[in-house]
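**Q** Below you will find the structure I want to go over with you.
The values are calculated or read from the model by the stated rules, or taken from the named source; none is laboratory data. Computed from a predicted model, the values in this text were never measured in an experiment. Please note: Cβ atoms are built from the backbone with ideal geometry, for glycine as well, and neighbour counts cover all protein chains shown. When the accessible area is computed, the model is the full protein with side chains, heavy atoms only, and any ligands, DNA or RNA have been set aside. Shrake-Rupley method; radii C 1.70, N 1.55, O 1.52, S 1.80 Å.
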Amino acid sequence: MIQRMHVSWFLLSCLFVLFSCETNVKVAQENDLQAEEIRQSPFPVFNQLPESFVPRYYDSISYFYRERIAPDFNGMFLVSKNGEIVYERYKGMANHQYNKCIDKHTPLHVASISKVVTAVVICKLADSGELTLDRDIRSYLPEIMYEGITVRMLLNHRSGIPYYGYFPYSVWPTEKMLTNQKIVQLLNQYKMPLYFPPNTQFSYCNTNYALLALIAERISHKKFPVLAREMIFEPLGMNDSFINDGSQNSDSLSRSYDSRNRLEPFTNLDGVYGDKNLYTTARDLLKLDKATYSGFFLSDSVKKEMFRGYSYERKGKSNYGLGYRMREEQGKSTLFFHTGWWHGNTGCYASLRQDTICMVIISNHYTRKVFAINRLSTLFGRYPYEPLIDPKENYIGPNMAKMHIDQAVNPKKHG
């Protein structure tokens, strides 16, 4: 009897050990799986938002919005910390004709903030080895006539390529829709010279990003709006975002208005994308901002290239990375941001990376209020306070640029 009891206890002990081992294996496997999911997530794991953060900053953010932004404002306003929304407001009309109000799911045209998405697409192509930042753009656009310009120079606005918006009407009539590919054809056809030798200075130019979108299409064999959706919008759950290739121009879209609430019509330049034509929301831009902290979404090496300045020929606080404007000042944290202004659409997306703060303000009724959001950055840390539009940063002025192109198009006129 005693021997049988010993055998029973032995068997029970073995079963217990086997069950414990199996349980430990399952727990370990689940932990490994969870760790792998976190590692491969397009979003990083931020520290939990301190309980004191919202009580400490909410009233100041609210006061800033009420006093500086809210009066006569139409648009979106959002502030987040560690990926969590601290404050957001939605106000006004997206489309007066259709009586559409603006809410958190209303895509608005964000003008040049679109360049951030274009830069991320290009940098992800570089991460995957499909593109090299320092390769001559003729490797991807063999038909373009310019020599010595790299992909990086398009990204940081150091190419010297002329701005397509200044093409005279004799070159491209107002009734004809301009496209990204047509820009290349016109530059070649009229042999339009560069503003300056490549990589010798900075001059902000939308043509750079129109060409980047075209390069992405050549590499992927997909239209850029499709590529952006597959590479960025879908993986990040940016469900309210899309890039308009001009075919979606219609009265039913969120429209833009001037400062007197008069409708801004579409023009023949509204078919060009890469430099603009992203329709998105404040919450979707927050998702993109969160993803830029992830080593899985963008490698650490490519992020080092994105978030650094390239133009130091002139003294000042303004600079430009790869798809991001910058304000740099000794002893202060660098402010990364991008402004937007197209028709009546104005806005700013700011990434205070030292403090994991994201601020977004977008309006579809023209207002310069959006450019004052930099003042709010000083609430969270030591950031340079400067107007977000710096008149000295574009060293090729509009009059000079137009004359430059006109001389190429009409050489007899200029002797």
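**Q** Exactly one of (1) of a type in the set (Lys, Arg); (2) under 13 Å from the mean Cα position of the chain (by Cα); (3) over 28 Å from residue 301 (Cα atoms) is unmet by residue 115. Its number?
**A** Answer for residue 115: the failing condition is (3).
**Q** Shifting gears a bit: Report those helices (runs of 4 or more DSSP H) wholly inside segment 103-207 carrying at least 1 residues which are surrounded by fewer than 19 Cβ atoms within 10 Å (Cβ to Cβ). Let's see the steps before the verdict.
**A** Details: elements: 114-127, 151-155, 180-189.
By residue number, 114-127, 180-189.
**Q** Which of the residues spanning segment 286-329 are over 23 Å from residue 82 (Cα atoms), in a loop (DSSP other than H, G, I, E, B) and among the aromatic types (Phe, Trp, Tyr)?
**A** 310, 312
**Q** Only residues that are under 28 Å from residue 291 (Cβ atoms) and part of a loop (DSSP other than H, G, I, E, B): list them for segment 78-102, please. I'd like the intermediate steps shown before the answer.
**A** Of segment 78-102, the ones under 28 Å from residue 291 (Cβ atoms) are 78-91, 94, 102.
Residues satisfying the conditions are 82, 83, 102.
**Q** Please specify each residue of segment 265-285 satisfying the condition of being assigned to a loop (DSSP other than H, G, I, E, B) and surrounded by 24 or more Cβ atoms within 10 Å (Cβ to Cβ). Full working, then the answer.
**A** Step one: of segment 265-285, the residues assigned to a loop (DSSP other than H, G, I, E, B) are 265-277, 281.
Scanning segment 265-285 gives 272, 273, 274, 275, 276, 277, 281.
**Q** List every residue pair whose Cβ atoms lie under 7 Å apart, where the two residues are 6 or more positions apart in sequence or sit on different chains, the first residue falls within segment 80-94 and is within 16 Å of residue 52 (Cβ to Cβ), and the second residue, located anywhere, is hydroxyl-bearing (Ser, Thr, Tyr).
**A** Close Cβ pairs satisfying both conditions: 81/356; 82/356; 86/57; 86/58; 86/80; 87/58; 87/62.
**Q** Could you list, in sequence order, all residues of segment 322-337 that are crowded, with 21+ Cβ neighbours inside 10 Å, over 15 Å from residue 375 (Cα atoms) and of a type outside the set (A, V, I, L, M, F, W, C)?
**A** Correct list: 323, 324, 325.
**Q** State which residue pairs qualify: first residue crowded, with 19+ Cβ neighbours inside 10 Å and inside segment 375-386, second residue of a type in the set (Asp, Glu) and assigned to a loop (DSSP other than H, G, I, E, B) in any location, beta carbons under 6 Å apart, and separation of 6 or more residues or different chains.
**A** Final answer for the pair search is 380/355; 384/329.
**Q** Let me ask another. Kindly establish whether residue 240 is at pLDDT 95 or above and open to solvent by less than 10 Å² (accessible area, probe 1.4 Å). Can you show your working first?
**A** Details: at pLDDT 95 or above: yes; open to solvent by less than 10 Å² (accessible area, probe 1.4 Å): no.
It is false that residue 240 is at pLDDT 95 or above and open to solvent by less than 10 Å² (accessible area, probe 1.4 Å).
**Q** Yes or no: residue 111 among the aliphatic types (A, V, I, L, M), in contact (Cβ under 8 Å) with a residue 12 or more places away in the chain and farther than 29 Å from residue 320 by Cα? Spell out how you get there, then give the answer.
**A** Numbers: among the aliphatic types (A, V, I, L, M): yes; in contact (Cβ under 8 Å) with a residue 12 or more places away in the chain: yes; farther than 29 Å from residue 320 by Cα: no.
It is false that residue 111 is among the aliphatic types (A, V, I, L, M), in contact (Cβ under 8 Å) with a residue 12 or more places away in the chain and farther than 29 Å from residue 320 by Cα.
**Q** Can you tell me which residue is modelled with the lowest pLDDT among those in segment 43-82 that are open to solvent by 60 Å² or more (accessible area, probe 1.4 Å) and among the charged types (D, E, K, R)?
**A** Here the answer is 51.
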